[in-house]
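J.: Here's a structure for you.
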Amino acid sequence: MTPASRASRPLVTAGAVVFLVAVGLVLLMVVRPSSASPSGSGASVSVPAEGSADVGFARDMSVHHQQAVEMAFLVRDRTDDEDVRRLAYDIINTQANQRGMMLGWLESWDRPKSSQRPPMEWMGHPVRAADGSLMPGMATDSELDGLRAAEGRDAEVRFLRLMTVHHRAGADMARAAAKSAGTDEIRNLAAGMARAQESEIALMADMLKARGARP
């Protein structure tokens, strides 16, 4: 893809996505406050505890989603393939929006958005970072460097493989949260995430096959 062809298309920037998500989140909290928020109409009598699945999932999945959005932006600028670019746009929009919702709930619950505790401790098996990969499924720094250096079909295959692994781990985490969370917000969001990511895993398997590659 030439610089001229890139310049001819309007690009969605990371800053624009963050701005739109922030605006949407503010409207969401003003128009329809979370039922777990003390300020919301019909507010719950309790807020999820710091060690709850609700807080742990919202915090960890926000980080997980952040990397997925980063990888989607990377491949978007490294291929002209419309199917891959469309998938990248879907991931950018969906996961940035979901991340905004989860960070908004943490804010309304008065829970910090980061923690010194190991990720996934709420699932009963805390993990330690390895080469920049903070949780299962997340790409390592070396893998991200490889994606940044790739172009065309190579970038497409790298992205589809990395995102397949990313989605598998994300779906596992979402299923755990849907089962053990105490709030409707997290249970419903997590169940929807698991279904959507499983569907995209099947789509990416077909896209890899079309490119003569395997997951």
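J.: Here's a check for you: in the stretch 124-143, which residue that is at pLDDT 95 or above and hydrophobic (A, V, I, L, M, F, W, C) is surrounded by the fewest Cβ atoms within 10 Å (Cβ to Cβ)?
T.: Met135
Every residue, every condition in (1) in a helix (DSSP H, G or I); (2) at pLDDT 95 or above, yes or no:
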residue	(1), (2)
Gly15	yes, no
Ala22	yes, no
Arg59	yes, yes
Gln66	yes, yes
Arg78	no, yes
Ile91	yes, yes
Glu107	yes, yes
Asp110	no, yes
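J.: Does Ile186 satisfy the condition of being of a type outside the set (Lys, Arg), farther than 25 Å from Val55 by Cα and either touching a Gly at 6+ places or on another chain (Cβ under 7 Å) or part of a helix (DSSP H, G or I) (or both)?
T.: Values: of a type outside the set (Lys, Arg): yes; farther than 25 Å from Val55 by Cα: no; either touching a Gly at 6+ places or on another chain (Cβ under 7 Å) or part of a helix (DSSP H, G or I) (or both): yes.
Considered against the rule, which asks whether it is of a type outside the set (Lys, Arg), farther than 25 Å from Val55 by Cα and either touching a Gly at 6+ places or on another chain (Cβ under 7 Å) or part of a helix (DSSP H, G or I) (or both), Ile186 comes out as no.
J.: Out of everything in the stretch 80-89 that is assigned to a helix (DSSP H, G or I) and touching a helix residue (DSSP H, G or I) at 6+ places or on another chain (Cβ under 9 Å), what residue ends up being farthest from Ala205 (Cα to Cα)? Even if it seems obvious, please write down each step before you answer.
T.: First, pick out the residues of the stretch 80-89 that are assigned to a helix (DSSP H, G or I): 82-89.
From what is left, the residues that are touching a helix residue (DSSP H, G or I) at 6+ places or on another chain (Cβ under 9 Å) are 83-85, 87-89.
Details: Asp83: 13, Val84: 12, Arg85: 16, Leu87: 13, Ala88: 15, Tyr89: 18 Å.
That would be Tyr89.
J.: Further, regarding this structure: Given Ala53, Ala58, which one is surrounded by 20 or more Cβ atoms within 10 Å (Cβ to Cβ), in contact with a helix residue (DSSP H, G or I) (Cβ under 8 Å, 6 or more places away or on another chain) and over 25 Å from Leu162 (Cα atoms)?
T.: Values: Ala58 fails: over 25 Å from Leu162 (Cα atoms).
Testing whether each residue is surrounded by 20 or more Cβ atoms within 10 Å (Cβ to Cβ), in contact with a helix residue (DSSP H, G or I) (Cβ under 8 Å, 6 or more places away or on another chain) and over 25 Å from Leu162 (Cα atoms) leaves just Ala53.
J.: Still on this structure, please answer the following. Criterion first (of a type in the set (Gly, Ala, Ser), outside any helix (DSSP H, G or I), touching a helix residue (DSSP H, G or I) at 6+ places or on another chain (Cβ under 8 Å) and closer than 14 Å to His65 by Cα) does Gly100 satisfy it? Before you say what the answer is, go through the steps one by one.
T.: Numbers: of a type in the set (Gly, Ala, Ser): yes; outside any helix (DSSP H, G or I): no; touching a helix residue (DSSP H, G or I) at 6+ places or on another chain (Cβ under 8 Å): yes; closer than 14 Å to His65 by Cα: yes.
So Gly100 does not fit the description; no.
The values are calculated or read from the model by the stated rules, or taken from the named source; none is laboratory data. In this text, all values refer to a predicted model and were calculated from it rather than measured experimentally. In this analysis, Cβ positions are derived from the backbone assuming ideal geometry, glycine residues included, and neighbour counts consider all displayed protein chains.
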